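Structure first, commentary second.
The values are calculated or read from the model by the stated rules, or taken from the named source; none is laboratory data. None of these values were measured; they are calculated from a predicted model. No Cβ is skipped: glycine too gets one built from the backbone with ideal geometry, and neighbour counts run over all protein chains shown. We work out accessible area using only protein heavy atoms, side chains counted, and drop any ligands, DNA or RNA first. Shrake-Rupley method; radii C 1.70, N 1.55, O 1.52, S 1.80 Å.
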Amino acid sequence: MSHRSRLRSRLRSRSRSRSRTARLVKLGGALLALALLLGLPYWLPLLVPAMQQNPFLLYKWLNVLVAANVLAILGMSWDLLGGYAGQISFGHSLFLGLGAYTTAILSVLYGWNPWLIIALGGLVAAVGGLLVAAPALRLHGPYLSLMTLVAALAFDRLMRWLKPEVGIPGAEGAILCVPHCVLTLDAVLKYYYSLGLMLLTALLLWALTRSRVGLALEAVRDDEAAAQAAGLNAAKYKTLAFGVSSFFAGIAGAFYVYHIGSAAPADVLNLQRSVEAIAVAVLGGMGTIFGAIGGALFFKVFEELLRPAGTLRFALLFSLALLILLLVRSGALGRLWAGLRPRPSPPREGAEAPPTVASASETEEAEVEVKAKPS
Amino acid sequence: MSAMNALLQVQRLSKAFGGLQAVSDLSFDVHEGEILGLIGPNGAGKTTLFNLITGVHKPDRGRVIFQGQDITGWPTYKIVNAGIARAFQIPRPFRHKTIAANVEISLIPNGLFARGGSRRARARRVREICRRVGLCALWPEGARRGCDLSGDGDGDCPCRRELPDVLPQAGLRKLEIAKAVATDPKLLLLDEPFAGLAPAEVEELSALIRELREEGRTLVVVDHNMRGLMRLVDRVIVIHFGQKLAEGTPDEVARDPAVQEAYLAGTIEEE
């Protein structure tokens, strides 16, 4: 047994125990984050005494977090389509807007149960997503992205032109739907509603990506021809990703209307929303689903903290997103996440690499020896 | 009679790319249960032929009949699901997915609510195939305990941990074959499976190809040199400039004057 292989075995066993620790750290971190989010209305005033005297300061921040949860749903929906299926959409505001307008109109005209209307908002957005998917299947890369961008722009201009006479008509096709579209006046309860919806979305999308459908999406993203050769109907999986992604983007838009009480082109159809969806998914790490939650929290909290800077704050935030996009393509949190993940063996250069059998046997011998001598 | 046991019929197939006639008026049958060798120099149109059969390219003229069904112009995934799988000449694994996941991708059904079996059943099938093609054997005895089928279904098989990048060239070939076998094909098209392999690896791969035939699969093996194929295949078709130059048993083809001329002309390599 050479010195080198001893060293290697030590490294190997350390990396193995590290992977177990990493799993515990990850689980612990997720539970801690969940506890913090659930208890937020209670621990935040303890942390910021000013909130005890002035409950409106607490409500203001709770509203920021509601907006963060909505953005998280939008970001996660984008990540399914962009991060998993590899279909980079520049026009997610289209689906956000479809959900928002459906909700605003239905709540004023029919006043059904809010949750039913939110679900319908998601469904209408999903139909929109499937309509976009049909031509999008023929396009790849930048052409696909451009198509989604133009579709979102077209819908924005259409609503500004239509000026729907529903509820209280606002400027340029906006609909003010209060008091119809009010979920609750209790800021704390509204926070929990948004948190519940966000966590449910995260759970459903995560389960989808971990299922065989998620594996198929990744295969189509990485090498469409090879996926076809494996018998996968790439068009079908891409369409599915469009449908599911636009559904959840629509849910985000629908809930947003119940949050702010209006649907306006300058707000929900603004192309900035599309960029925000990408920004939070990229900040948190593409292809992670959960990453968008962290990205959205970071984005909205900083947006609020930088409010004194006025419109400049968006320039700062987007510059930051740009920097992260340039530096770490898998996102800041993604880097962290990957650091906690048990690493597979480092890739070798070139396909003609020498067989691993030798090195594998070396480590194996070493491991056997380690096991034989429990010390 | 020949139509009865012909698994695949290629009928007067033609394909041109711009001014280059890659395949021209090519016809042949693949009989059920045989190992057919397709030989021709580089650029003879062998890979194009595979692309035409598997629907990657659409032929300009001619038809492809599989099990009596006209599959000309079908999309690739449909042809694969009908029972024709293909291992690429240059291995193209999904690099970000483990070896086992690479194989599992071929097991995913297209129906969203189709019964694709449980995750556990799929994992078991993946291990079966990885062992079958000799992927697990790349690791030493002790390291592949988890690959045993008697295990509890979630063994610590190296194929489940490692990315395809750790595999040597022969291993990547095996992975290509594993991915193709996982689609449970009746007809398996292997594009230059021996290129760049050491003699011992060629022997091992030949044994695997024979075993796959024993399982009841039909195989078409493409190569640009004859020698490696002579002892493996039942029948040989020589392709030259997209056309059929000769057809017959390996001995017949080797004695064929036209083939010999092509050899002497140096267009068919003899290594």
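Remark: accessible surface ordering of B:ILE90, A:ILE251 (largest first) is B:ILE90, A:ILE251, probe radius 1.4 Å.
With a ≥ b ≥ c the root eigenvalues of the C-alpha gyration tensor of the stretch A:110-226, is it rounded (a/c under 1.5), prolate (a/b larger than b/c) or oblate? In terms of gyration-tensor shape, oblate.
The chymotrypsin sites (Phe, Trp or Tyr not before Pro) of the stretch A:101-157 meeting both criteria, a DSSP state outside H, G, I, E and B (loop) and at most 16 other C-beta atoms within 10 angstrom of the site's C-beta, are A:TYR110, A:TRP112.
Accessible surface for A:LYS300 stands near 30 Å², nearest 10, in the context of the full protein assembly shown (1.4 Å probe).
If you take all other residues with their beta carbon under 12 Å from the beta carbon of B:ALA87, and give Lys and Arg +1 and Asp and Glu -1, the sum is +2.
Protein heavy-atom surface of chain B, 1.4 angstrom probe: 50% of the accessible area is carbon and sulfur, with nucleic acids and ligands not counted.
In loop segments of the stretch A:84-188 as defined by DSSP, the trypsin sites (Lys or Arg not before Pro) with at most 10 further C-beta atoms inside 10 Å of their C-beta are A:ARG138.
A Cβ-based charge dipole, computed about the Cα centre of the stretch A:24-336 with Lys and Arg at +1 and Asp and Glu at -1, lands at about 220 debye. The contact residues of the stretch B:65-98, meaning those that lose at least 50 Å² of 1.4 Å-probe accessible area when all protein chains sit together rather than their chain alone, are B:TYR77, B:ARG92, B:PHE94, B:LYS97. In terms of accessible area, using a 1.4 Å probe and ignoring ligands and nucleic acids, B:GLU247, B:GLU162 rank largest first as B:GLU247, B:GLU162. Sorting B:PHE241, B:PHE28 by accessible area puts them as B:PHE241, B:PHE28; the probe is 1.4 Å, largest comes first, and only protein heavy atoms count. Estimated at the nearest 10 Å², the accessible area of A:PHE290 is 70 Å² with a 1.4 Å probe.
Excluding ligands, DNA and RNA and using a 1.4 Å probe, chains A and B jointly bury around 3400 Å² of accessible surface, summed across both partners. Taking a ≥ b ≥ c as the square roots of the Cα gyration tensor eigenvalues, the stretch A:24-336 comes out oblate, since a/c reaches at least 1.5 and a/b does not exceed b/c.
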